[in-house]
Amino acid sequence: MKKAWLVFVFLVFFVSIASAQIILLEEPKSEYYFGQIIKNPVKILAVSDINSILKTSLVCGSKVGFSEEKFISLFSGEEEQVITSIPLLRKYSSKNSQECHIKIQLGEESILSNSFLLKGDLEIVFDREDLIGASFSPEEVISISGEVLKSNQEKVSGIVSFYVEFNKEKVSVRDVTANNLFDLTIPLPKNAPAGYYKGNLTVLEKDYLGDVSNFASIDFPFYVKQIEKNLEIILKESEFNPGEEVSFRILLYDQTGSNIPAKVSFSILDSNGKEIFSGLANTDEEIFYNIAENNLPEDLLIKVSKEALSSSKKVIVLENKQVSTNIVNSTLVIKNVGNVFFEDSVLVKISDVEKQIFVSLGIGEQEVYSLSAPNGVYDIEVNEDKITGVMLTGKAIDVKKVSNSVSNFIAIPFVWFFILIIICGFVYVMYIRINKKKIFGRIYKKSSFEGYNDFKEVKPVKKSFFSPRYIAKHSVSIKGEQQDSTGVFLKINNMPDCLKNKDSNALQTIKELSEFSDKVKANTYESEDSVSFIFAPMITKTFQNEKTALELALKMQEKLDHHNKYFKQKINYGIGISKGKIVARILDKNGLEFSTKDNFVALGKKISGISSGEILVEENLKNKLLNDAVFEKHSQGSLNYYSLVELKNLSEGREKVNEIFRKMQK
């Protein structure tokens, strides 16, 4: 009886507590993203009368987020279906990805839903991955397209933006996604500096409150190229007098106006468009050009180019109306050293007497005047030039023009100097001969006394290792024809070592070089350890010998390098090429006797001594070969010389020379 009473009391207590049954009709999905709303269909069965609040809450970890409350009123035995809504707002979760569930409570009764993953990360997929890290030019448009994804396959409706900063200039582009897709075009600034940049692409979704719910951010690195935009010629002055030096620099600018280090070709053209100076130079390098003393007044044009870019600037050569005056003994020489016709009066002042003489001279022409005055020493002033202590003779002070035939002789100071040299030389030779006879006479008598019957003067014999067909003989001064000549100069630095070992093949290689020179009609002249190969127009029958000289030098270099590669005894050599003037005449058809009018032979020997197996040329020759070869400038003290770097269009001349050398091998 007591047990039955206890069961009755428990049933009454249970019914009073469990007044309703809560049933969740549909469980949440496994994944949701911030910003979504979860609909919760709930069924309520009233066990007893109910008048209470139905509370639906979002629970993430230990934190309760949004809660929805709804009043429920049911009689015992009644039931009702209710749909509650829970917005998944980011502010209710402190993490970007977290497990959550739904809690539904009615009075003292409550149930929990299955857990689900609440996420906020979006995924960005580019259509063209190859654009990441790619190179672009200033002003180019970068097109970026792709897709934004959610792992639960929900649609993304958000804002996509791209941002990058170029120094102080910022570029920002925004758009919206459509069906998860985005397409952006980013124009690069025209003056964007060359370099590496890191752009950023961001996608944002917002909830109904306007707060960011889901987002994705990814870097988009790329490189901006350095573009050659402009060539500029920098000139300190634009007007020059004859004899002055033009100096200029070339600058190659990129899109930001910064100079780009590069090689640039340049040329200077005269007023007729003829090229008078050209070459290659580094940007921002000082380039010099000397205007000739007798250069006519004209407009020179400096032109520079690099690939598709070019620029030009005008240089004006001014008129220079000028004469020089020189007094030799009692003669006055007036020469037009300007670059225009001189027609004016010249004031000659002898002591206190002034004489005006009218002078009419073409460029480079001169006139000679005789000065006379009563016997004595006078101070003479011509224009602003003053000379003191000049001995004059005559009856009266006067200035008279001398005929051209006489003036051309006496007006040249060198003539007087040359006559003096001849007289001194004659005296010296006679002195040597007289003394030599006395010495040899004493030697002969002494030798006879000691039993010797003969006396012979022994002269050292210079041994030659060349047997050229075209030989050259150098003289100090000869009468002949003045011509422009080109010379190839070979220096054997270790000739004594090559002579020691006769089985080394070094001598044979050296001898064969004269065969090369014979085939191109270069006259050979030997001097100590240096050999000169002279191209004289009267022998070669052409004034264009520069290319042939270069080809001969190349062939010699090839032969000597081949020897050094395969034989133990090396030939230490140097090759130089120069150009200058000679006075020459033909000896025995193929022979040549010459004297130099300038230092081109000495210069050629000097740069061959500097060479260590490469081909070096002096400046005059380099200017003649700029269309055919590329040279690099070098300096040693005040000496400028150039090494051969690359051949350009010598193919035609090279084929002719190679044909000659092929015939030699047959």
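Taken together, the values in this text are just the output of simple stated rules run on the coordinates, not laboratory data. This one's a predicted model, so the numbers in the text were calculated from it and none came from an experiment. Because the Cβ atoms are built from the backbone with ideal geometry, glycine has one as well, and the counts that use them run over all protein chains shown.
Under the combined filter of DSSP loop state and at most 16 neighbouring Cβ atoms within 10 Å, region 529-614 retains these chymotrypsin sites (Phe, Trp or Tyr not before Pro): F543, F567. Here the calculated FRET efficiency for K198 and A262, from their Cβ-Cβ distance with R0 = 25 Å, stands at 0.30, rounded to the nearest 0.05.
So, counting K/R as plus one and D/E as minus one, what does the shell of residues with Cβ under 14 Å around E481 add up to? Here the count lands on +3. Derived scalar couplings between HN and Hα for region 525-536 equal 10, 9, 8, 6, 9, 10, 10, 10, 10, 9, 9, 9 Hz in order, rounded to whole Hz, by the Karplus curve 6.51 cos²θ - 1.76 cosθ + 1.60 (θ = phi - 60°), x for Gly and Pro.
Once C-alpha pairs closer than 8 Å and six or more residues apart are averaged by separation and normalised to the residue number of region 323-411, the relative contact order reads 28 percent.
Annotation: amide H of L89 within the under-5 Å range of G35, sequence separation 5 or more or interchain, hydrogens built in the peptide plane. With the Cα gyration tensor of region 472-665 giving a ≥ b ≥ c as the square roots of its eigenvalues, does the rule (a/c under 1.5 for rounded; else a/b larger than b/c for prolate; else oblate) give rounded, prolate or oblate? Cα axes put region 472-665 in the rounded bin.
Relative contact order of region 472-665: 26 percent, from C-alpha pairs under 8 Å at least 6 residues apart in sequence. On full extension, the segment bounded by K170 and N494 gains 109.8 nm, given 0.36 nm per residue less the C-alpha separation. What FRET efficiency, computed as 1/(1 + (r/R0)^6) with R0 = 56 Å and r the Cβ-Cβ distance, is obtained for E558 and I234, rounded to the nearest 0.05? So, using R0 = 56 Å, E works out to roughly 0.85. Working note: Karplus 6.51/-1.76/1.60 with θ = phi - 60° gives region 558-569 the couplings 4, 5, 5, 5, 4, 4, 5, 6, 10, 10, 5, 6 Hz, where Gly and Pro are set to x. Karplus-derived 3J(HN,Hα) values for region 107-114, using 6.51 cos²θ - 1.76 cosθ + 1.60 with θ = phi - 60°, are x, 8, 8, 8, 9, 10, 7, 5 Hz; glycine and proline are entered as x. Helix-only arithmetic for the chain: the sum of -39500 (n - 2.57) across DSSP H runs with n ≥ 4, divided by the residue total, places the mean residue ellipticity at 222 nm at -6500 deg cm²/dmol.
Between L647 and N241, the contour length at 0.36 nm per residue exceeds the alpha carbon distance by 142.6 nm.
A cut-off of 5 Å between modelled amide H atoms, ignoring neighbours fewer than 5 places along the same chain, links I227 with Q255. Considering only alpha-carbon pairs that sit under 8 angstrom and 6 or more positions apart, the relative contact order computed for the chain is 6 percent. Each of (1) 194; (2) 387; (3) 154 is a candidate for volume of the Cα convex hull per residue in Å³; the one calculated from this structure is (2). Of the GluC sites (Glu not before Pro) found in region 150-244, no site is in coil according to DSSP while having at most 10 other Cβ atoms within 10 Å of its Cβ. For the chain, the share of DSSP beta bridges that are antiparallel, to the nearest 5, is 90%.
When the trypsin sites (Lys or Arg not before Pro) in region 284-370 are filtered for DSSP coil states and for at most 15 other beta-carbon atoms within 10 Å of their beta-carbon, the remaining sites are K321. Which cysteines in the chain lack any other cysteine whose Cβ sits under 4.7 Å from their own Cβ? If one checks each Cβ against the other cysteines of the chain, C424, C498 turn up with nothing under 4.7 Å.
About its Cα centre, the chain has a charge dipole of approximately 4480 debye under the convention of +1 per Lys or Arg Cβ and -1 per Asp or Glu Cβ, with nothing else charged.
Modelled this way, with points 7 Å down the Cα-to-C-beta line, the labels at I159 and E27 are 3.9 nm from one another.
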